[in-house]
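Chemist: Sharing a structure with you now.
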């Protein structure tokens, strides 16, 4: 069955995958606690470590990587330059879910919308190691990858983590971070992260605005990833949806209705927060 799964995932555009046995991941609790309150993620710690809350049928979790690197840089983070990856990946995984169904198994996919700590699942699946910036780094594809998963009641052989001491600790990510969010002991403060701040709703403090301005991004931030040595020779994506570029976000304005905004930008990952956050961020650079 794993060979069939592997072939189907390759067709879907997955660049690497691994398997984790479904269990209660108690080792995630201190990681979640050290990271602090993550407002964009599941707040209930127990749900974040126990897959059976969300998927009572779970026996295996297939963790997949999708390469989104195109080599292009701008004021929008690279992951959001193409079509919305939530929609793209969900559609690409449908034939894989159908494969499980046709073989008598249950299967559901999650694309950045599960309560799990997806980077740590990917680590357990042997897909990479952690950089000082907290990003999962794959030896072949670097860190510019989407981490997604398939939960199934099909029992598959579990993979093992690789050595987690591969990060060069060159500290380039620390130096490049506009808000000083990255610490020398693999610590991370999201409240100083430009990517987080560009997605944060409401008014920003002057310090937060300065961090965004220093980053040069109106949505997201690739500062720490762009300087990472493991991304210097990263292969470009071959997924055409992620290669499509649209700079029409510069047309977003306060006179645009929410309906017009949704019609024009609903297929972009940066649209989920609405036009207000983007307009606020744009004004920082004026």
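The values are calculated or read from the model by the stated rules, or taken from the named source; none is laboratory data. Source: prediction; values computed, not measured. Reconstructed Cβ throughout: ideal geometry from the backbone, glycine too, with neighbour counts over all protein chains shown.
Chemist: Can you report the number of residues in the range 1-22 which are without any contact (Cβ under 8 Å) to a residue 60 or more places away in the chain, surrounded by fewer than 19 Cβ atoms within 10 Å (Cβ to Cβ) and under 21 Å from residue 136 (Cα atoms)?
Modeler: Looking only at the range 1-22, we keep the residues that are without any contact (Cβ under 8 Å) to a residue 60 or more places away in the chain, and these are 3, 6-7, 10, 14.
Pick out the ones that are also surrounded by fewer than 19 Cβ atoms within 10 Å (Cβ to Cβ) and you get 3, 6-7, 10.
Cutting the leftovers down to under 21 Å from residue 136 (Cα atoms) gives us 10.
Qualifying residue count for the region: 1.
Chemist: Exactly one of these conditions fails for residue 83: (1) farther than 26 Å from residue 218 by Cβ; (2) over 14 Å from the mean Cα position of the chain (by Cα); (3) touching a residue at least 40 places away in the same chain (Cβ under 8 Å). Give me its number.
Modeler: Residue 83 satisfies all of (1) farther than 26 Å from residue 218 by Cβ; (2) over 14 Å from the mean Cα position of the chain (by Cα); (3) touching a residue at least 40 places away in the same chain (Cβ under 8 Å) except (1).
Chemist: Which ones in the range 275-286 are at pLDDT 90 or above and outside any helix (DSSP H, G or I)?
Modeler: Hit for the range 275-286 is 285, nothing else.
Chemist: Any residue that is touching a strand residue (DSSP E or B) at 6+ places or on another chain (Cβ under 6 Å) and either buried (at least 16 other Cβ atoms within 10 Å of the Cβ) or more than 30 Å from residue 249 (Cα to Cα) (or both) - is there at least one of those in the range 43-55?
Modeler: yes
Chemist: I would also like to ask the following. Sort out which residues of the range 198-215 are surrounded by 14 or more Cβ atoms within 10 Å (Cβ to Cβ) and over 16 Å from the mean Cα position of the chain (by Cα), and write them in order of number.
Modeler: 200, 204, 208, 209, 210, 211, 212, 213, 214, 215 - these are the residues of the range 198-215 that are surrounded by 14 or more Cβ atoms within 10 Å (Cβ to Cβ) and over 16 Å from the mean Cα position of the chain (by Cα).
Chemist: Which condition does residue 176 not pass, out of (1) surrounded by fewer than 22 Cβ atoms within 10 Å (Cβ to Cβ); (2) within 20 Å of residue 8 (Cβ to Cβ); (3) over 15 Å from the mean Cα position of the chain (by Cα), if it passes all the others?
Modeler: Every condition holds for residue 176 apart from (2).
Chemist: Can you confirm whether the range 56-72 contains a residue that is surrounded by fewer than 15 Cβ atoms within 10 Å (Cβ to Cβ), assigned to a loop (DSSP other than H, G, I, E, B), touching a helix residue (DSSP H, G or I) at 6+ places or on another chain (Cβ under 7 Å) and modelled with pLDDT under 95?
Modeler: Checked against the condition, which is being surrounded by fewer than 15 Cβ atoms within 10 Å (Cβ to Cβ), assigned to a loop (DSSP other than H, G, I, E, B), touching a helix residue (DSSP H, G or I) at 6+ places or on another chain (Cβ under 7 Å) and modelled with pLDDT under 95, the range 56-72 yields at least one hit.
Chemist: For residue 192, only one of the following conditions fails: (1) buried (at least 17 other Cβ atoms within 10 Å of the Cβ); (2) in contact with a strand residue (DSSP E or B) (Cβ under 8 Å, 6 or more places away or on another chain). What is its number?
Modeler: Checking residue 192 against (1) buried (at least 17 other Cβ atoms within 10 Å of the Cβ); (2) in contact with a strand residue (DSSP E or B) (Cβ under 8 Å, 6 or more places away or on another chain), the one that fails is (2).
Chemist: When the range 1-52 is examined, which residues are found to be over 19 Å from residue 124 (Cα atoms), modelled with pLDDT under 95 and part of a loop (DSSP other than H, G, I, E, B)?
Modeler: The answer is 1, 36, 37, 38, 39, 40, 41, 42, 43, 44.
Chemist: Of the residues that make up the range 94-111, is at least one within 13 Å of residue 66 (Cβ to Cβ), crowded, with 17+ Cβ neighbours inside 10 Å and free of Cβ contacts under 8 Å to residues at least 40 places away in the same chain?
Modeler: Checking the range 94-111: at least one residue is within 13 Å of residue 66 (Cβ to Cβ), crowded, with 17+ Cβ neighbours inside 10 Å and free of Cβ contacts under 8 Å to residues at least 40 places away in the same chain.
Chemist: Would a scan of the range 234-256 turn up a residue that is in contact with a strand residue (DSSP E or B) (Cβ under 6 Å, 6 or more places away or on another chain), assigned to a helix (DSSP H, G or I), in contact (Cβ under 8 Å) with a residue 24 or more places away in the chain and crowded, with 16+ Cβ neighbours inside 10 Å?
Modeler: no
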